[in-house]
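Here's the structure, in structure tokens; my notes come after.
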Amino acid sequence: MARKKVLLSRIFPKLATQLLEEAGCEVIAWDKEQPMSYEELTSKAKNCDALFCTLTDKIDSTFLNACSHLDIITQFAVGYDNIAIEVATKLGIPVGYAPNAMNEATADIAFGLMIATARKMFFMNQKIKDGKWGSFDPVGHLGLELKGKTLGILGLGRIGMVMAKKCKGAYDMKILYHNRNSNPEAESELGATWVDFETLVAESDVISAHCALTPETKDIFNKSAFDKMKPTSLFINTARGAVHNETDLINALKKGSIWGAGLDVTNPEPMKPDNPLLTMENVCVLPHIGSATITARNEMARMGATNIISFYKQGTVPYIVNLEVL
Ligand code: DGY
């Protein structure tokens, strides 16, 4: 393979550089913890053949038109809402991504947030740090139990399926889901039932978002959805912050239209430290760490590097979003 210049937009696991260099690529890697600016990314990408980027990079139509020479773009994530896919497709640029790499890791965070929220864990831990651990309190800060409850999943795909299995196994939860298409595997393996979105929010005790961010799912958890939920329900979001409307979520929690919320994703990210959600008793927030395990991140690095290498060696992209380009 002729020596191709690959730009890595962030500090990715070393495996990415190792695989690309072994395959004969020249790797140009950003070496600072914070992402580079849009302008820096554009100017660096102009001098490279391939781009390995992630969700903090804005790969919009202006960027793509300025860098239409790129042979391939691959995303260090399963979600790719930061990339104008239809523009890349028109320009003939294949876009790769990392499906399945973080199924277990992200479902663990959803499952963990569900329990942490149900038992107010983050708030109670903060009380200790604030020196407010009084005596054992027979009636204080009581939480919820999950055994036999109903889990409602929006977007029962790869990650949602792992979350559903965990909830079924641990708590024998009944599974409802809402997807564009039905999921026969979930129906036969877990007895999951497809319902419309209104039924999903009205009948679930735990609602967990695992959908992609699209024009249809943006703000789907808004006042109207929260108003339909049970006052004892938990809202868990490990998908994208923009699928919930933050003002409506805060109001729903204040009014008691829902009981609690566990969020690994916020809108915007990073969340400001004075955000009211951070001091609410029934809310647990994490800084988008769904895929942050050694196993998942290495797999994401391997998939991205493999996409680039096999594009140059065989003209194929094994994990591709816009197959029509090839
Ligand atoms: C993804 O993969 O889309 C996560 O949000 C980051 O790993």
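When a/c is below 1.5 the answer is rounded, else prolate if a/b is larger than b/c, else oblate, so apply that to the chain with a ≥ b ≥ c taken from the square roots of the Cα gyration tensor eigenvalues. Cα axes put the chain in the prolate bin. In terms of surrounding Cβ atoms within a 10 Å radius of their Cβ, Ile309, Ile236, Ile258 rank from fewest to most as Ile309, Ile258, Ile236. A convex hull fitted to the Cα coordinates of the stretch 103-285 yields 115 cubic angstrom per residue.
So what is the orientation-averaged projected area of the stretch 95-201, using the convex hull of its C-alpha atoms, in nm²? Show your work: numbers first, answer last.
Values: hull surface 38.8 nm².
Taking the Cα atoms of the stretch 95-201, their convex hull projects to 9.7 nm² on average.
Helix 294-314 and the longest principal axis of the C-alpha atoms of the chain enclose an angle of approximately 30°.
For the stretch 103-285, the dipole from Cβ point charges (+1 on Lys and Arg, -1 on Asp and Glu) about the Cα centre works out to 360 debye, to the nearest 20. Using the alpha-carbon centroid of each, what span in Å lies between the stretch 126-144 and the stretch 1-60? Answer, in whole Å: 48.
Relative to the longest principal axis of the Cα atoms of the chain, helix 246-255 runs at roughly 10 degrees. Remark: the stretch 28-149 carries a charge dipole of roughly 620 debye about the Cα centre, counting +1 on each Lys and Arg Cβ and -1 on each Asp and Glu Cβ. Think of the stretch 103-285 as having a plus end and a minus end, set by charges on the Cβ of Lys, Arg, Asp and Glu; of Trp133, Thr232, Ile115, Trp133 sits farthest toward the positive end of this dipole.
Neighbour counts of other C-beta atoms within 10 Å: give me Val206, Val283, Val139, Val27 arranged from fewest to most.
Val139, Val27, Val283, Val206
With a cut-off of 15 Å between beta carbons, the residues surrounding Tyr312 carry a summed charge of -1, where Lys and Arg count +1 and Asp and Glu -1.
Exceeding 32 Å between C-alpha atoms, which entries from my cross-link table qualify? They are Lys132/Lys272; Lys32/Lys272; Lys5/Lys166. Can you show the working numbers first?
Values: Lys132/Lys272 24 Å; Lys32/Lys272 22 Å; Lys5/Lys166 42 Å.
Flagged as over cut-off: Lys5/Lys166.
Shown is the FRET efficiency for Asp227 and Glu26, computed with R0 = 56 Å from the Cβ-Cβ distance and rounded to the nearest 0.05: 0.50.
No value in this document is a laboratory result; all are computed from the given coordinates. For clarity, every value in this text was computed on a predicted model and none was experimentally measured. In this analysis, Cβ positions are derived from the backbone assuming ideal geometry, glycine residues included, and neighbour counts consider all displayed protein chains.
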